1. Picking from 120, 100, which residue would you name as being surrounded by fewer than 15 Cβ atoms within 10 Å (Cβ to Cβ) and touching a residue at least 40 places away in the same chain (Cβ under 8 Å)?
2. Can you find a residue that is at pLDDT below 95, away from the ligand (no atom under 16 Å from the Cβ) and surrounded by fewer than 24 Cβ atoms within 10 Å (Cβ to Cβ) anywhere in segment 45-54?
3. State all residues of segment 64-99 that are out of contact with any helix residue (DSSP H, G or I) (no Cβ under 9 Å at 6 or more places or on another chain) and in a loop (DSSP other than H, G, I, E, B); if no residue qualifies, say none.
4. In segment 372-400, what count of residues is obtained for those that are within 14 Å of the ligand (Cβ to nearest atom) and more than 28 Å from residue 274 (Cα to Cα)?
5. What strands (runs of 3 or more DSSP E) lie completely within segment 249-366 and have 3 or more residues being in contact with a helix residue (DSSP H, G or I) (Cβ under 9 Å, 6 or more places away or on another chain)?
6. From 67, 107, which residue is under 15 Å from residue 55 (Cβ atoms), more than 24 Å from the chain's Cα centre (by Cα) and surrounded by 15 or more Cβ atoms within 10 Å (Cβ to Cβ)?
7. If I filter segment 235-247 for residues that are surrounded by fewer than 24 Cβ atoms within 10 Å (Cβ to Cβ), in contact (Cβ under 8 Å) with a residue 24 or more places away in the chain and not in a helix (DSSP H, G or I), do I get at least one hit?
8. Check whether at least one residue in segment 222-229 is outside any helix (DSSP H, G or I), touching a residue at least 40 places away in the same chain (Cβ under 8 Å) and within 25 Å of residue 369 (Cβ to Cβ), and report yes or no.
Ligand code: F3S
């Protein structure tokens, strides 16, 4: 039998070459092996929820596995079923969804996910966040999947949407090629026809889609899932992009994983030594723990005075290098917890080493990108104060949601930012827009999540520095 056993988790979005079916994930023990035509054994996935669209492309190029056997339930990998790749897990039992008003294909998918995940039945979800809406990440195969459904599928649950591959109004100014813009607009039209909310942000919890404590939801976008589970106390698994459409169209998700309190308990205590004074330290901490303990539930000790920027950095980074869906911080996050027996220590030296390891160059970027995840109003205030009285020497781009952009445009912040020479884009981000097609090769950022995907998805050289270092190094007094 032609089999391939993966001995480490896989990142479907950037760990596979969809044209050859070969594993390209850095440091993966099976790097260079092909999935094509094999029964592939997978522990579980890590990284982006948009990886769910990879299976359509593997099928299109004729290099898909003939079957996937999972070791742990994982919504992103189970999405392979939608492209006709059977997914199995040992000892799965049938779990039935009793609702006659659901499209047959979606019902079959949800029952399969429930069975593979040993779910305790199904629950209704109050909101959905759809990931995988950029033409740069889902391509023509994803676009066609959405197009085929646009007239028949109506979303039943409020569903916000993740960033696109371009600013919807100013894509020409960004330098986006015309054919890319056409593909992106088709995706937007399909989503709107189905009833999705055109929020196009990865921080929907800052702009209106705010679940309450204990509420069951079904969200894609791994950074947002980790944020709402940890910081708000909502309950969501890290859903694959295709699954978010199914959850929104049916209103259901299987009851397993992080919907159950027993799976939200800490599995490792992380004692943080030293004072984490910069935002980039939290990006480094989340990234280090996600990389070393990919499917853990960390309990962070020793962190004080955290605000939204630090919490979303920690959430985004741990879900990018690993698959962390929830973390705890005593007196800051609201979920109850018991202390785990296993503990590790992390100090400032470890964090510096994590940042140094990610960087592939030093000095002289083509572009500076800030806003992964999308910038909050508070972050704009901090950035504008650092920029005040200075002028950038490098092209400097900031990313946020359209809702936050309209707030800063009504304040004096926008003048400070423009005087510095920076540009603010909405609806998109550095990772899901085609920077390589705009002639960019070397990028500086403060986000470890952006750094990881800029390297693996966009083929960029990256430099990771703190915001303070970036502004100090790449601007001059006005
Ligand atoms: Fe958001 Fe793009 Fe980062 S979607 S979390 S800004 S990779």
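The values are calculated or read from the model by the stated rules, or taken from the named source; none is laboratory data. Just so you know, these numbers come straight off a predicted model, no measurement behind them. Using ideal geometry, Cβ is built from the backbone for each residue, glycine included, and neighbour counts are taken over all protein chains shown.
1. Selected residue: 120, the only one of 120, 100 that is surrounded by fewer than 15 Cβ atoms within 10 Å (Cβ to Cβ) and touching a residue at least 40 places away in the same chain (Cβ under 8 Å).
2. No; the residues of segment 45-54 include none that is at pLDDT below 95, away from the ligand (no atom under 16 Å from the Cβ) and surrounded by fewer than 24 Cβ atoms within 10 Å (Cβ to Cβ).
3. Of everything in segment 64-99, those that are out of contact with any helix residue (DSSP H, G or I) (no Cβ under 9 Å at 6 or more places or on another chain) and in a loop (DSSP other than H, G, I, E, B) turn out to be 66, 71, 72, 90, 91, 98.
4. The total comes to 4.
5. Of the strands (runs of 3 or more DSSP E) lying wholly inside segment 249-366, those with at least 3 residues that are in contact with a helix residue (DSSP H, G or I) (Cβ under 9 Å, 6 or more places away or on another chain) span 252-254, 268-272.
6. Exactly one of 67, 107 is under 15 Å from residue 55 (Cβ atoms), more than 24 Å from the chain's Cα centre (by Cα) and surrounded by 15 or more Cβ atoms within 10 Å (Cβ to Cβ), namely 67.
7. No, every residue in segment 235-247 fails to be surrounded by fewer than 24 Cβ atoms within 10 Å (Cβ to Cβ), in contact (Cβ under 8 Å) with a residue 24 or more places away in the chain and not in a helix (DSSP H, G or I).
8. No, that holds for no residue.
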